[in-house]
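FYI, it's all coordinate maths here, none of it is from the lab. Small disclaimer: the values here were computed from a predicted structure and weren't measured. Note that we place each Cβ from the backbone using ideal geometry, even for glycine, and neighbour counts take in every protein chain shown.
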Amino acid sequence: MPQGIVGTNIGPTEYCTIASFQPYVSAATLIPLVNDTLVFLAISWRLMRNAHAENSLGTKFRTLAFGHYLPSFSKALLQDGQAYYL
């Protein structure tokens, strides 16, 4: 990434700012974000399917958001994934 960023001086100061950057610089930040999002959603969906509760919309939301109705290990895995993603 450092090779793809061009800086320019800010007037008479000793500071600089980004003047331009190559497209691969933004791709280097977007690709991991998309990957983390898809992995988080896939794990959350799979954990939600393992919940020991009825299949209503409210129950699914509580399971996905708070880990209700999940075994202890699954709940810890879900909450750890939420903390990492946030």
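Rounded to the nearest 500, the 222 nm mean residue ellipticity of the chain from helices alone is -20000 deg cm²/dmol, with -39,500 (n - 2.57) taken per DSSP H run of at least 4 residues.
Of the candidates ALA19, ALA42, ALA28, which one comes out as most mobile in a Gaussian network treatment of the chain with C-alpha springs shorter than 10 Å? So, out of ALA19, ALA42, ALA28, the one fluctuating most is ALA19.
Over all other residues within a Cβ to Cβ distance under 15 Å of LEU47, the charged ones net out to +4, with Lys and Arg as +1 and Asp and Glu as -1. Between SER20 and ARG46, what's the calculated FRET efficiency when r is the beta-carbon distance and R0 is 35 Å? Round to 0.05. Efficiency for this residue pair is about 0.25. Note on ARG46, ARG62: ascending count of other Cβ atoms within 10 Å places them as ARG46, ARG62, the fewest first. Charge tally around THR63: other residues with Cβ under 14 Å, Lys/Arg +1 each, Asp/Glu -1 each, net +4. For the chain, the residue among ASN9, PRO32, GLN79 whose Cα projects farthest onto the positive side of the dipole built from Cβ charges is GLN79.
Could you size up the charge dipole of the chain around its Cα centre, putting +1 on the beta carbon of Lys and Arg and -1 on that of Asp and Glu, and report it in debye to the nearest 20? Dipole size: approximately 440 debye. Extension gain for the segment ALA53 to ASN9, taken as residue separation times 0.36 nm less the Cα-Cα distance, is 9.8 nm to one decimal.
Looking at the chain, the chymotrypsin sites (Phe, Trp or Tyr not before Pro) that sit in a DSSP loop and have at most 12 other Cβ atoms within 10 Å of their own Cβ are TYR15.
When Rg and the Kirkwood radius Rh are both evaluated on Cα atoms of the chain, their ratio Rg/Rh stands at 1.32. Computed over region 2-85, relative contact order equals 20 percent, with contacts defined as Cα pairs under 8 Å that lie 6+ residues apart.
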